[in-house]
Amino acid sequence: QVQLVESGGGLVQPGGSLRLSCAASGNFFSINTMAWYRQAPGKQRELVATVTGRANTNYADSVKGRFTISRDDAKNTVSLQMNSLKPEDTAVYYCNCNAVARSSSGSTYLANYWGQGTQVTVSS
């Protein structure tokens with residue numbers, strides 16, 4: 001099992017910056033891919049950015065050049081640095097990971113886990 005706890009959301013003015021973080025904990029062997037998703041009211045949840053392995057990253061076109069995803073394996077965290085924020089970035093942001101988890105009996109399995117979400121509001 002893996003638990004994800006997000007932090008860093010809040011209210012920011014257009015053009016401003018925020019840094020989101022997500023900490024993973026629990027009984028797992030490794031985390032393969034970590035990602036950030038977001039969901040605006042009335043819209044589908046969309047993939048924002050992913051980091052696979054140590055530093056193989058991908059971004060949605062809408063955030064490319066403005067957002068940066070990074071991971072710290074020593075701390076089991078993933079961050080999303082968001083610069084030049086726009087009102088269109090307003091959404092609930094969710095942390096996600098694909099992990100090799102370990103059960104109490106010692107068996108391992110691959111699964112996806114989600115954080116609780118953190119609100120990001122970009123407004124003047």
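Condition first: open to solvent by 40 Å² or more (accessible area, probe 1.4 Å) and not in a loop (DSSP other than H, G, I, E, B). Now tell me which residues in segment 38-48 satisfy that. Selection gives GLN39, GLU46, LEU47. Of all the residues in segment 50-71, those that are farther than 21 Å from ARG38 by Cβ, open to solvent by 60 Å² or more (accessible area, probe 1.4 Å) and not basic (Lys, Arg) number 1. Across segment 105-124, the qualifying residues are those that are polar (S, T, N, Q) and at pLDDT 95 or above, and the one among them that is nearest to ASN27 (Cα to Cα) is GLN116. For segment 9-59, a residue qualifies if it is within 12 Å of MET82 (Cβ to Cβ) and free of Cβ contacts under 8 Å to residues at least 24 places away in the same chain, and exactly one does: TYR59. Scan segment 64-81 and tell me whether some residue there is at pLDDT 95 or above, closer than 18 Å to LEU11 by Cβ, assigned to a strand (DSSP E or B) and under 11 Å from the mean Cα position of the chain (by Cα). Yes - at least one qualifying residue is present in segment 64-81. Looking only at segment 1-37, which residues are closer than 15 Å to THR68 by Cβ and in a strand (DSSP E or B)? Result: LEU18, ARG19, LEU20, SER21, CYS22, MET34, ALA35, TRP36.
Which residues, counting only those in segment 100-124, are touching a Phe, Trp or Tyr at 6+ places or on another chain (Cβ under 9 Å), in a strand (DSSP E or B) and open to solvent by 100 Å² or more (accessible area, probe 1.4 Å)? Within segment 100-124, just TRP114 meets the criteria.
The values are calculated or read from the model by the stated rules, or taken from the named source; none is laboratory data. These figures come from a predicted structure and were not determined experimentally. All Cβ positions, glycine included, derive from the backbone under ideal geometry; neighbour counts span all protein chains shown. Accessible surface areas use protein heavy atoms only, side chains included; no ligands, DNA or RNA. Shrake-Rupley method; radii C 1.70, N 1.55, O 1.52, S 1.80 Å.
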